[in-house]
Each structure stands twice: as structure tokens, then as C-alpha cells.
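Before anything else, here's the structure in question.
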Amino acid sequence: MAKLLAGSEVDSLINELSAFEGRTNNHGVRDLMSKVPSVRRLADSVPLMAIAKEILGDNAKPVRSVFFDKVPTANWNVAWHQDTSIAVKSKHEVAGFGPWSEKQGIVHVEPPVAYLANILSLRLHLDIANKVSGVLRVVAGTHRNGRVAAQDIIEIVGNSRIVECNANRGDVLLMNPLLFHSSRKAVSPSHRRVVHIEYSAMALPEPLAWYE
């Protein structure tokens, strides 16, 4: 966890993202880089690209972005899980890719685990994250286990130390999508806004292409 955004940058993002309030799925807006130009600029900015390239290599680029918020109308427990799908432009049957799904009109697919292992997620916090606001909880090191069956995740978590990823406004959390993670309901739900940007240095086999 590290401080990345100044208070004025956080306020500017909050102001732009407030346009989603009242809309369907306003707590989980996908395709964020195309909907909010400043998020695209942020994803391509020197500070974020430097982090991505240091971990993934010089070919790193942003491939997916989502806005998360925990508000009274979207305040629930998120069970322990891994993020095992990627967003692509369209469906094409390619060996090793599947099953397929659709989220908010965007095609998603589970790729071979090597693609997931090569993704870096940057979670930019626009609000304080703690127990009160439903902070992200993780089990450190579990991204090294590859893709794990849901029932096995529960057993591993039960025998592991859980880390709460407390954060201040402007902090960035680095994680891999295969890391076991969950969150509890906010005790006093108001906002727990996060801009989630994923980077990869791997090209998908044609004709598949990253959605963003």
C-alpha cells in the first residue's frame, strides 16, 4: 500500500464518478476507461505505468477498469474468491479459453492460468477503507496457488491468517487477481469508492483481444 493520488486528484475523480450515482449497477461500473477519460489518462500516467512495468515488464498496458462502491443499496458480504475471468472484445472459440460469460454487456472468459498470473491489479482508494466501510480482506501469498476450486478456497482460508487492507484516500493497493480476497458488509455504509485498473504484458491469441 502506498500513497499515489493527492487530495485534489481524489476530489476530481469523485466529482466525475458522481455521474454514475442513481444509475443501475452504479456500485460496479465496467469499461471505466472509455466512460471517464480522466481514468484512461490516469491508467496511462507515468506513476501507474512505472509500477506496472516494474512488475510485468515493458509491454505492460491497462486492459480492464472497474469502479467499485459500497453504498447502502449495494452493501453485502463478498465471499472469498479469486478473479478468474478477463474482458475481451468478442467471443471466439480458442483452445484453453472458457467458460464464457457476459457482464454488463461485456464478454468475459476464463483464460489459461498463465494469463491470470500475469495480471497486476491496482486499486486506487477514493475513501478511507477500514472495518467500518467494508475493507478488502486477503490471504497473502495465495495467488501463487493458481486457480483453486471454491470449496478448497474456504478450507485454505479457514487455516490461514487474514489480512485487512486498510487504506487512506489516495492510497493504491497492488494485487494479483488470483489472490484470495473478500469483504464484509460496511458497518455504516456511505461510500467505499475504488478505481480498479488491471494491467497485463501478455498478448491474447488471435482473434481474441483485450476489451479495453
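Read-outs: derived from the displayed coordinates by stated rules, not from any lab. Since this is a predicted model, take the numbers as computed values, not measurements.
Give a residue-ordered list of calculated ³J(HN,Hα) values for the range 163-174 (Karplus: 6.51 cos²θ - 1.76 cosθ + 1.60, θ = phi - 60°; whole Hz; x for Gly, Pro).
With coefficients 6.51, -1.76 and 1.60, one gets 10, 8, 8, 4, 8, 9, 4, x, 6, 10, 10, 9 Hz.
Give the long-range amide H neighbours of Q104: residues separated by 5 or more places, or on another chain, with amide H under 5 Å away, using H modelled in the peptide plane at 1.01 Å from N.
HN-HN under 5 Å from Q104: empty list.
Quick one: Debye curve from the alpha-carbon atoms of the range 55-153 only, equal weights, vacuum; give me log10 I(q)/I(0) at q = 0.20, 0.23, 0.25 Å⁻¹ to two decimals.
With no solvent term, the Cα-only Debye profile gives -1.38, -1.51, -1.51.
Tell me, rounded to the nearest percent, the portion of alpha carbon pairs in the range 1-110 spaced more than 19 Å apart.
More than 19 Å apart: 59 percent of the Cα pairs in the range 1-110.
Can you give the Kirkwood hydrodynamic radius of the range 142-212 from its Cα pairs, in Å with one decimal?
Working: mean 1/r = 0.0642 Å⁻¹.
Taking the inverse mean of 1/r over all distinct Cα pairs, the range 142-212 comes out at 15.6 Å.
If you don't mind, there's one more thing I want to ask. What 222 nm value per residue comes from the helices of the chain, counting each DSSP H run with n ≥ 4 as -39,500 (n - 2.57) and dividing by all residues, nearest 500 deg cm²/dmol?
Rounded to the nearest 500, it is -6000 deg cm²/dmol.
Can you give me the P(r) profile for the chain? Cα pairs, bins 10 angstrom wide beginning at 0, each as a whole percent.
For the chain, the binned pair fractions read 8, 33, 40, 17, 1 percent.
With a bin width of 5 angstrom, please list the P(r) values of the range 97-163 as percents of all Cα-Cα pairs, from the 0 bin to the one holding the largest distance.
It works out to 3, 11, 16, 18, 21, 20, 10, 1, in whole percents.
For a 29 Å ceiling on Cα separation, which of these pairs sit above it: K70/K103; K53/K89; K61/K131; K91/K185?
The pairs that break the limit, which is 29 Å between Cα atoms, are K61/K131; K91/K185.
Please check: in the Gaussian network model of the chain (C-alpha springs, under 10 Å), which one of K131, K61, K103 has the largest mean-square fluctuation.
K103
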